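Here's the structure we're looking at; comments come further down.
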Amino acid sequence: MSEEAKRDDAAPTPGPEAESLPDAMTLVGTCLSLLAARAWQAMGLVPDPATKQVERKLEDAQLAIDAAAALAEVIRPRVSERERREIEALITNLRLNFVEQKSKAP
């Protein structure tokens, strides 16, 4: 096999899946939603979908809320006013519920 053929074989060629990958904003939005869902679960307000059990893990909830807030801050200048308000309301609701759940902690 020639050197040129070896280099061509080694170079990855984008397949059809490359065209269907979501853009960065979509990925960040998905991550934000996943973190919020995990925060609700970790606060014991929503059952874990896999186990159907309700567990309170407030340290996990705090981490998920902090990470969601950091992502929200990053995308703030890139979203519409309506989306910004929805994200801010989500973060505010998570934080308020966390404070309430923490006050109930033994």
The stretch 72-106: number of residues that are among the basic types (Lys, Arg) and buried (at least 16 other Cβ atoms within 10 Å of the Cβ): 1
Selection status of SER33, among the polar types (S, T, N, Q) and closer than 24 Å to VAL99 by Cβ: yes
Only one of ALA11, ALA42, ALA18, ALA24 that is out of contact with any Ser or Thr (no Cβ under 6 Å at 6 or more places or on another chain), aliphatic (A, V, I, L, M) and modelled with pLDDT of 95 or more: ALA42
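The values are calculated or read from the model by the stated rules, or taken from the named source; none is laboratory data. Since the structure is predicted, the reported quantities are computational estimates derived from the model, not experimental observations. FYI the Cβ positions are ideal-geometry reconstructions off the backbone, even for glycines, and counts take in every protein chain you see.
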